[in-house]
Amino acid sequence: MGRSTIVVIWLALAALAFRPIGLVERLADLCFEPARQLGRIALPLSWFSSVHASSDGESRARVRELLIAEQQEAQPADASLVARRGLVHAQVIDRSQERADLVVVRFPPEASVLPGMPVVCGDVYVGSVLEVGRAASGALARGEARVELVTASHARVGARAGELELVVGGLARAEHSGGHSRLLAVRALQSTPGAERELRVHEDAAAGGEWSTLAEGYRLGTLVPLELGTRRAWAVEPVLDYSGGFSQVFVLCPPERAPAGELLAQDPFDAAAWIPVRATLDGMLSPWSETRQLLGGSRTGLREGAAVARGPEFVGRISHAGLFSSEVECLGNPGFRLLVLASVEDRYGPLHLGRVLSLGCDVSRSLVYLAWEESAELARELGQHARSAQLYTSSGERGIPPGLYLGSAELPVGEGAHTLVLRRPAAGRFGTALEAWTGERLGGEEP
Amino acid sequence: MNGERRLAWVAFGAWLLVCFALQGQFARGGTAMWFPELGLVLLFSLLARMEERDAWIAGVLAALVRSAFSSEPPLVQLSGLLGFALLVMALRSSLEISAPLLRGVVAVLCIFACDLWIFLACCARTYWAHGSLAGFEPPVLPLALIALSSGVLALVAGPLLAQLPGLSPLRSRRW
């Protein structure tokens with residue numbers, strides 16, 4: 001081939017490198033698949049890798065305690081909110097980044113959950129069931145339901161503060177144009193609020209539907225004035241961070257519809273939920289990224305989105321699964337996003353930090369910088385002092401079980417944007433013997 | 001292509017495999033910020049002495065072997081390494097890269113360009129996928145350090161790398 005022909009081919013490749021086209025990508029993947037198997041030749045090099053040893057047993061026991069505490073904290077504490085109701089425990093397994101008002105939850109399949117049933121977390125109203133999965137195929141499996149949060153633009157719930165009755169639903173307009181509001185919008189306010197500002201659900205079956213009255217008495221937040229230019233309106237300061245502040249919820253139903261027994265079992269370390277996988281190397285060729293290449297693909301049961309771990313430690317998520325090889329995007333890879341739980345001293349249950357964004361690692365790779373938006377609800381919870389915390393994965397992303405260890409970090413004080421400095425025990429040296437999570441149904445569409 | 005040349009290509013692939021594997025294994029932690037691009041230095045060393053018509057084969061072969069250890073998408077690696085081969089050929093026709101110092105300088109330039117290309121292509125793909133480049137910062141310093149260390153390696157060991165066993169049928173020029 002002449003130089004001009006090669007230059008033309010290169011120009012086409014350059015365009016495709018910057019602007020991928022699905023079909024061409026799949027073809028290129030297929031062509032490169034045999035070459036990826038050459039990585040097996042490097043496996044003996046892993047003998048020279050020194051891998052940090054972790055105390056598996058102790059940390060797994062701590063995680064199990066933490067997850068049980070999380071479930072218990074999600075149960076309503078007020079006895080009057082439990083009376084004459086059945087409570088079905090459910091876990092958030094999918095939280096869309098694009099549509100934050102919809103989440104997918106998993107509940108015991110034998111429970112009779114129906115659309116319209118209220119969903120709560122502790123004493124706080126979260127939203128209602130929108131759709132329930134019926135078959136093993138489709139977007140929702142049996143035992144899964146889509147929940148519409150009260151922050152959704154067309155969500156409505158009756159509420160009462162003292163004698164004042166009103167309707168709440170959706171988000172209030174931001175005080176500054178272009179800003180993101182987190183306050184709930186007040187609708188149909190008939191008179192000026194009095195001294196009583198704490199809002200609780202007050203539903204009428206005729207208006208809210210058959211199941212709506214089950215949420216009667218659950219908390220929504222506090223009525224606060226909202227200045228919009230020269231106009232004064234009212235909004236609700238929520239108790240819960242709806243954008244990522246919960247992962248365990250309860251669906252309210254009539255007592256006879258709730259299954260008897262324990263909370264939904266969740267053990268992230270159940271051996272049956274993991275398969276061993278091998279990475280070609282314990283390193284990578286590009287210094288700015290943190291990825292791994294696995295010698296196993298969809299033929300060995302690996303799926304895109306599945307977590308990869310080394311013992312109780314989180315390594316990353318499978319970003320692409322070919323037939324016989326897969327790529328893993330690790331926590332230290334810039335642009336990596338993950339829902340995070342924090343365990344702080346002197347607190348029984350974990351805190352939900354929401355989604356963090358990786359900004360990359362330091363030179364030694366033992367520190368990972370994470371961009372984090374601290375919610376007002378969490379800032380109130382943390383108080384006036386920075387707290388050191390152990391960080392774990394949270395449920396809310398298909399394929400990633402809660403409780404995988406990330407590292408330790410100092411949680412700063414104050415609402416707003418922060419950069420967390422995460423200290424990893426293994427400094428990004430995970431070795432080549434890893435495990436991939438296969439414990440739940442994967443590949444569901446965005447909620 | 002005769003049997004001897006075919007064998008030479010296989011040997012070149014095997015040497016590339018060794019170089020990329022060693023690089024992936026030892027460029028960990030802090031070392032990753034300056035460890036030379038062994039595979040690219042070998043490719044550069046051979047391209048400097050190769051027939052121009054063979055350059056694209058060397059680029060494609062390097063992309064295939066590199067994909068065994070790197071998770072960048074195939075087309076990014078292919079365009080990056082084919083571009084690298086084209087750049088070396090273009091510079092070789094106008095500069096005398098057999099001179100040690102010039103060889104080092106050209107290696108620094110070409111390797112920096114190739115690594116930067118791969119980074120930019122990955123950024124572009126992330127942008128198309130997520131609509132944002134949050135978290136990405138141009139790693140100019142690490143890439144410059146890696147290019148410099150690779151340049152030093154090309155300066156010191158370039159001729160030796162081109163003389164690795166099995167590669168003689170692919171060499172056509174002297175340093």
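The values are calculated or read from the model by the stated rules, or taken from the named source; none is laboratory data. Quantities reported herein were computed from a predicted structural model and do not represent experimental measurements. Virtual Cβ from ideal backbone geometry, glycine too; neighbours counted across all protein chains shown. The accessibility values were calculated without ligands, DNA or RNA, using every heavy atom of the protein model including side chains. Shrake-Rupley method; radii C 1.70, N 1.55, O 1.52, S 1.80 Å.
Take the conditions modelled with pLDDT of 95 or more and open to solvent by 20 Å² or more (accessible area, probe 1.4 Å) and apply them to B:LEU78. Does it pass?
When the stated conditions are applied, B:LEU78 passes them.
Which residue, of A:GLY158, A:GLY162, is outside the structural domain of A:LEU341 (by TED's automatic domain parsing), modelled with pLDDT of 90 or more and over 30 Å from A:GLY439 (Cα atoms)?
Just a single option satisfies the conditions, and that option is A:GLY158.
What residue, of A:ALA279, A:ALA258, A:ALA273, is open to solvent by less than 30 Å² (accessible area, probe 1.4 Å), within 29 Å of A:GLU98 (Cα to Cα), among the small types (Gly, Ala, Ser) and in contact (Cβ under 8 Å) with a residue 12 or more places away in the chain?
A:ALA273
Going residue by residue through the stretch B:134-145, is there one that turns out to be without any contact (Cβ under 8 Å) to a residue 12 or more places away in the chain, open to solvent by 50 Å² or more (accessible area, probe 1.4 Å), in a loop (DSSP other than H, G, I, E, B) and within 11 Å of another protein chain (Cβ to nearest Cβ)?
yes
Condition check ((1) under 29 Å from A:SER319 (Cα atoms); (2) not in a helix (DSSP H, G or I)) across all residues:
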| position | (1), (2) |
| --- | --- |
| A:ALA42 | yes, no |
| A:TRP47 | yes, no |
| A:ALA69 | no, no |
| A:PRO76 | no, yes |
| A:VAL113 | no, yes |
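Checking A:LEU16 against (1) more than 9 Å from chain B (Cβ to nearest Cβ); (2) under 35 Å from the mean Cα position of the chain (by Cα), which test does it fail?
So A:LEU16 meets the others, but not (1).
What do you reckon, is A:LEU23 of a type outside the set (D, E, K, R), loosely packed, with under 12 Cβ neighbours inside 10 Å, assigned to a helix (DSSP H, G or I) and modelled with pLDDT of 90 or more?
yes
Take the residues of the stretch B:1-38 that are among the aromatic types (Phe, Trp, Tyr) and not in a helix (DSSP H, G or I): which is surrounded by the most Cβ atoms within 10 Å (Cβ to Cβ)?
In this case the residue turns out to be B:PHE35.
Go through the stretch B:59-74 and report how many residues are surrounded by 24 or more Cβ atoms within 10 Å (Cβ to Cβ), in a helix (DSSP H, G or I) and either in contact (Cβ under 8 Å) with a residue 24 or more places away in the chain or charged (D, E, K, R) (or both).
Final tally of qualifying residues: 4.
Would you pick out the residues in the stretch A:213-232 that are open to solvent by 20 Å² or more (accessible area, probe 1.4 Å), assigned to a strand (DSSP E or B) and out of contact with any Pro (no Cβ under 7 Å at 6 or more places or on another chain)?
A:ARG219, A:THR222, A:VAL224, A:PRO225, A:GLU227, A:LEU228, A:ARG231, listed by residue number.
Given the conditions (1) more than 21 Å from the chain's Cα centre (by Cα); (2) away from chain B (no Cβ under 14 Å); (3) β-branched (Val, Ile, Thr), which single one is not true for A:ILE6?
(2)
Counting just the residues of the stretch A:168-197 that are open to solvent by less than 50 Å² (accessible area, probe 1.4 Å) and either in a loop (DSSP other than H, G, I, E, B) or out of contact with any Leu (no Cβ under 9 Å at 6 or more places or on another chain) (or both), which one comes out modelled with the lowest pLDDT?
A:GLY179
What number of residues within the stretch A:198-212 satisfy the criterion of being open to solvent by less than 80 Å² (accessible area, probe 1.4 Å) and either within 14 Å of A:LEU171 (Cα to Cα) or not in a strand (DSSP E or B) (or both)?
7
Yes or no: the stretch B:92-107 includes at least one residue that is assigned to a helix (DSSP H, G or I), more than 8 Å from chain A (Cβ to nearest Cβ) and either under 18 Å from A:GLU290 (Cα atoms) or polar (S, T, N, Q) (or both).
yes
Assuming A:TYR125 fulfils every condition listed in (1) modelled with pLDDT of 90 or more; (2) more than 17 Å from A:VAL251 (Cα to Cα); (3) not charged (D, E, K, R) apart from one, which condition is it?
Every listed condition holds for A:TYR125 apart from (2).
What tally of residues in the stretch B:13-70 results from selecting those that are within 7 Å of chain A (Cβ to nearest Cβ) and hydrophobic (A, V, I, L, M, F, W, C)?
Counting residues in the stretch B:13-70 that are within 7 Å of chain A (Cβ to nearest Cβ) and hydrophobic (A, V, I, L, M, F, W, C) gives 11.
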